[in-house]
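Notes follow once the structure below has been shown.
The values are calculated or read from the model by the stated rules, or taken from the named source; none is laboratory data. Since the model is a prediction, treat every value here as computed from it, not as a measurement. Here the Cβ positions follow ideal geometry from the backbone for every residue, glycine too, while neighbour counts run over all protein chains shown. SASA here: full protein model, heavy atoms, side chains in, ligands and nucleic acids out. Shrake-Rupley method; radii C 1.70, N 1.55, O 1.52, S 1.80 Å.
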Amino acid sequence: MIRKASLLLVGALVGAAAVTTMSQMPLKVSATANAAATDTYRQLNLFGDVFERVRSDYVEVPDDAQLIESAINGMLTSLDPHSSYMSPKSFRDMQVQTRGEFGGLGIEVTMEEGLVKVVSPIDETPAAKAGVLAGDLITYIDGEQVQGLTLNEAVEKMRGPVNTDIIVTIRREGRTEPFDITITRDIIRIRSVRWREEEDVGYVRVTQFNEQTYDGLKKGIEETTAKIGEDKLKGYVIDLRNNPGGLLDQAIAVSDAFLDRGEIVSTRGREADETQRYNARSGDLTNGKPVIILVNGGSASASEIVAGALQDHRRATILGTRSFGKGSVQTIIPLGANGAIRLTTARYYTPSGTSIQAKGIVPDIESLQELPEELVGRVETRGEAGLRGHLEADGEEQSGSQAYVPPDPEDDTQLNLALDLLRGEKVDSAFPPVPDSAAVKN
């Protein structure tokens, strides 16, 4: 079963053996089921006919394995923007990435209308330093048109030897003409958690959810608490802005770090018996100190699980702009020597039973950044609701928002507001959050 797969992601197949077991009980198949099966086999025969015609009549001799791989990837990508096939090399690269070290440019991407769309540049990577922004569309890679490539093919072209240059052509909202950015490839070592003391407030920045995230968060909280002093510490700012997500188990662990009890998240698949609930265990790493979580239009998936759990439990105040709205879970299903598939297998729900798919997390306190003149109108993300083929929301769709974080903390409107609230220099009815009858009770 799918739940036996080795890895769950919340955040873009040749030779797979299907093994089924059947009981010895008589099996009754309805006429409708027989008709459906017959139609399916007819369509598979059609695929075989087309495949043979391409092999025999195409102007050049095609690569059979590449044809089948492309067909399988086309089937998966037609489902939603986050399902895809991974070749053995792509699968190995993904495993390395979740461990927190990989080669590349340092961008999280998806596919939109045949182009590579930047979900978020990763902090302190070549792409971020070169000026790539969330929402940018990559139209050419080293002069080769992206249109017509799969996401995996485009990503493969962006990889390469360390210290070599790549030119990506960017189409950015608000600019009339595409422009080129030269990026020097490097080893991307993701330190998923960074922290510092903001005088009497602990600041923890989580850039993604990989295997190192919870341990990094724990170390950051312990070190900042020790340096500031328990008696002087006003609280914590947890910065999830432009965090594209990652591993589900790490999102659960990070949420659990601030909760003593209660549900963190539930995942619901196609069948009722596939529902799984994840609950907090006793122990709050901050000993109940006030917490403000920063989110924006680049906060997706695992970031939204954390924000949604702490918001529903009134454990933290969410500040910033509406999040990306990716409320689905992808399961990585290994296929032996043939790579793996990334398949959307469930939606996730916050503790109150709310799906944020194509809606996003709405902050308790909305705060917009003051933008440099050259970026006005260029750093808005359309979020999950803007992706072609996305899973539909329950109700009205609306996700994505401003996704800009100033490089200088002094210019960071959202961070400075959070610090002022924690110090009592500004007040807002949403901070601190007060449990009430609407709060989740577990």
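Annotations
- Top-ranked residue of the stretch 111-139 - restricted to ones that are at pLDDT 85 or above and among the β-branched types (Val, Ile, Thr), ranked as nearest to the chain's Cα centre (by Cα): VAL118
- Among (1) touching a Pro at 6+ places or on another chain (Cβ under 7 Å); (2) at pLDDT 80 or above; (3) not in a helix (DSSP H, G or I) - the single one ALA12 does not satisfy: (2)
- Looking across the stretch 180-207, just one residue is open to solvent by 60 Å² or more (accessible area, probe 1.4 Å), part of a loop (DSSP other than H, G, I, E, B) and under 18 Å from ILE122 (Cβ atoms), and that is ARG191.
- Spans of strands (runs of 3 or more DSSP E) in the stretch 41-158 with at least 1 residues in contact with a strand residue (DSSP E or B) (Cβ under 8 Å, 6 or more places away or on another chain), open to solvent by less than 20 Å² (accessible area, probe 1.4 Å) and under 27 Å from PRO334 (Cα atoms): 84-86, 101-104, 107-112, 115-121
- Test: residue in the stretch 284-292 that is under 26 Å from LEU368 (Cα atoms) and open to solvent by less than 10 Å² (accessible area, probe 1.4 Å): yes
- If you go through the stretch 226-268 and keep only what is open to solvent by 30 Å² or more (accessible area, probe 1.4 Å) and either in contact with an Asp or Glu (Cβ under 8 Å, 6 or more places away or on another chain) or not small (Gly, Ala, Ser) (or both), you end up with LYS227, GLU230, ASP231, LYS232, LYS234, ASP249, ASP260, ARG261, ARG268.
- Verdict on VAL306 being among the β-branched types (Val, Ile, Thr), under 18 Å from the mean Cα position of the chain (by Cα), buried (at least 19 other Cβ atoms within 10 Å of the Cβ) and at pLDDT 95 or above: yes
- For the stretch 337-349, the tally of residues that are closer than 18 Å to ASP312 by Cα and open to solvent by less than 10 Å² (accessible area, probe 1.4 Å) stands at 1.
- Complete set of residues in the stretch 275-311 that are within 30 Å of VAL109 (Cβ to Cβ) and charged (D, E, K, R): GLU304
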